[in-house]
Amino acid sequence: MLSETRGWGFWLLAAFFVLFVLFLYGPLSTIVLLSFQGENGGLTFPMNGFSFTWFGRLFETQAVGDFGGSFRRSLSLGVMVMAVTVLVSLLAGLAFRRRFRASTPLFYLAVASLIVPSILISLGIGLLFQVIGIRPAWYSSAFGAHLTWTLPFGLLIMLAVFNRFNTAYEEAARDLGASPWQTFRFVVLPLILPSLIGVALFGFTLSYDEFARTMMTAGTFNTLPLEIYAMTTNVTTPVLYALGTVTTGLSFLVIFTALAVVLVLQRRRARLGSDAGKGTL
Amino acid sequence: MARPADLELASVTKRYGGTVAVDSISLKIKAGTYCCLLGPSGCGKSSTLRMIAGHESVSDGDIVLGNQIVNDKPPAQRGSAMMFQSYALFPHLSVRDNVAFSLRMKGIDKPTRHKRADEMLALVDMTPYAERLPAQLSGGQQQRVALARALVTDPQILLLDEPLSALDPFLKIRVRAELKRFQRELGISFIHVTHSQEEAMALADLVVIMSHGRIEQAGAPRAIFETPASEFVARFIGGHNILPIFGKTVSVRADRVSLVPQDDAPGGRRAIVRSTEYQGSNVVVGLVAEDGTELVAIVPDKVFFARPVEVGDATAVTWDEADIHEFAA
């Protein structure tokens, strides 16, 4: 069993993993590739030359559809959902650290909306708004619909975070004279900050690409996923692919920036503790 | 430095729902004492320490530090400081900021608190590590930072919750010598919770042995080892044989038991050797007497090898009449 060469199991799993990656990025690379379609090219292969035409067209007024507006709406909605998700999940996570009356039923009630099909929630909220007589809109009914998705996720993450949180840090802070607020501000918050950033990114992406829960709740103006969907039936040019490429690129940019920031912070911390170059043995 | 203060526990009780964790214990610890709370897990020693620290409410009784009852005071206003098990150093703060934390909470400005922190770090010999994060320190170094962080609050009494349990055996012995040195130099009381009798013996001026929420015996290490108050204490402290003599249960120290050939000791007990364990300066011989009582003899190596025995040998054990200790209870 201690042979130096890898067994067949390794190669089998490696092949499986390669297939998985292909499956994941194959369609994406097709779209990226087709977005560089030549001026006279169509929606499918073969490539008819190579150009940036469709990226230029992206920023012109479309015959049908409104990229700019829907992108701005999706972005604003994503940021709103992100902010509320972080705040409420954090507070709820703190609350659930102690057992309180009816905490268990409340917990199940909160996460139940993860199980209910998204489209039903969307339909329900849309109907409710109609019954009450408020016009549904992306910033009201769709905002609420997105929160039914992101809040339970955020809560679950915070529960996991606080489950692992060592209460000795808080006791130590108390022992050193910190008030409850100081304990939270100077000890708890910095320690859970990476998880909070995770919740924020999670909340944003869940909202940004949410389709089913927006469908019946967006009202007059579409969010980006709805707009793209509408356009797949109307738009017959690779402008659609250009849009896909730009939004994917934007997502990668955000992710890599976040990773880079984390890496730089870690490096800076590590450098403080290194003996390198100080001439000590 | 704060003036060292006496600590008194008066019928202190801790109940969790229906169970009693600490059962009306009373204890006086004079200023400047190194006190070890010793006992098996679940004996109430940690609860006692946490009540003194203020991290656990007192169900009944009083905790008096100096000349005031501190039952209802928050931890930081008691004049005590606590060093936590595995230290609980804040992982996101540098060593200096960890030590300066309590000063920052009081709103003391940065230059002043950094100066105080650096003084404390100098005291524990950690000056070169001020910029580091706790994760970049060894266990022994973390322990010193935790000590500095507790001492910067100028406590009248320092509470240590199993401070050596996170260290490897070699480091344990070195760090415990350091703790003793700090305690002597500072002149304040240290109350140190441990389940290791060896640690307690090595460090303490006052050993408090606890079991089931009660104090079994409190006294100097030597008094406890030579005159254990109960069978429990004798068993827990180790190095004692517990055996029935004339209908009473008594103890005889293992190092006072001698092995003699059966024919030479008409008054000795006959026993069979069950095990021998060479420990360098001593050999520990396990025996079982004719009546089934298990015995241990700790024999100096010179004596043992003058007349060695092996497993299965028949021999006899004797001791001086004066070495038989009757329990007080």
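Values as computed for the structure displayed
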item	result
Some residue of region A:168-177 being within 14 Å of chain B (Cβ to nearest Cβ), loosely packed, with under 15 Cβ neighbours inside 10 Å, at pLDDT 90 or above and assigned to a loop (DSSP other than H, G, I, E, B)	no
Residues of region B:104-126 satisfying the condition of being outside any loop (DSSP other than H, G, I, E, B) and within 11 Å of chain A (Cβ to nearest Cβ)	B:104, B:105
Among the candidates A:109, A:90, residue that is hydrophobic (A, V, I, L, M, F, W, C) and either in contact with a Pro (Cβ under 8 Å, 6 or more places away or on another chain) or open to solvent by less than 30 Å² (accessible area, probe 1.4 Å) (or both)	A:90
Unmet criterion (only one of (1) outside any helix (DSSP H, G or I); (2) open to solvent by less than 20 Å² (accessible area, probe 1.4 Å); (3) out of contact with any Ser or Thr (no Cβ under 8 Å at 6 or more places or on another chain); (4) at the interface with chain A (Cβ under 10 Å from one of its Cβ atoms)) for residue B:146	(1)
Index of the failed condition, residue B:189 passing every other in (1) away from chain A (no Cβ under 14 Å); (2) surrounded by fewer than 21 Cβ atoms within 10 Å (Cβ to Cβ); (3) among the hydroxyl-bearing types (Ser, Thr, Tyr)	(2)
Residues within region B:49-59 that are within 13 Å of chain A (Cβ to nearest Cβ), hydrophobic (A, V, I, L, M, F, W, C) and in a loop (DSSP other than H, G, I, E, B), tallied	0
Residue B:260, sole failed condition from (1) without any contact (Cβ under 8 Å) to a residue 60 or more places away in the chain; (2) touching a Leu at 6+ places or on another chain (Cβ under 7 Å)	(2)
Residue under evaluation residue B:73, criteria (1) at positive phi; (2) among the charged types (D, E, K, R); (3) open to solvent by 50 Å² or more (accessible area, probe 1.4 Å), criterion not met	(1)
Those residues of region A:199-222 which are among the β-branched types (Val, Ile, Thr) and in contact with a Gly (Cβ under 9 Å, 6 or more places away or on another chain), in sequence order	A:199, A:205, A:217
Subset of region A:260-281 that is open to solvent by 100 Å² or more (accessible area, probe 1.4 Å) and modelled with pLDDT of 60 or more - its residue that is nearest to the other protein chains (Cβ to nearest Cβ)	A:269
Enumeration of residues in region B:129-138 that are open to solvent by less than 30 Å² (accessible area, probe 1.4 Å) and either within 19 Å of residue B:165 (Cβ to Cβ) or touching a strand residue (DSSP E or B) at 6+ places or on another chain (Cβ under 8 Å) (or both)	B:134, B:137
Residues (part of a helix (DSSP H, G or I), out of contact with any Lys or Arg (no Cβ under 6 Å at 6 or more places or on another chain) and at the interface with another protein chain (Cβ under 10 Å from one of its Cβ atoms)) located in region B:60-103	B:76, B:77, B:97, B:101, B:102
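Condition check ((1) exposed (fewer than 14 other Cβ atoms within 10 Å of the Cβ); (2) not β-branched (Val, Ile, Thr)) across all residues:
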residue	(1), (2)
B:264	yes, yes
B:268	no, yes
B:275	yes, yes
B:287	no, yes
B:291	yes, yes
B:294	yes, yes
B:305	yes, yes
B:311	yes, no
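The values are calculated or read from the model by the stated rules, or taken from the named source; none is laboratory data. Here the structure is a predicted model, which means the values were calculated and not measured. In this analysis, Cβ positions are derived from the backbone assuming ideal geometry, glycine residues included, and neighbour counts consider all displayed protein chains. Remember, those area values only see protein heavy atoms, side chains included, never the ligands or the DNA or RNA. Shrake-Rupley method; radii C 1.70, N 1.55, O 1.52, S 1.80 Å.
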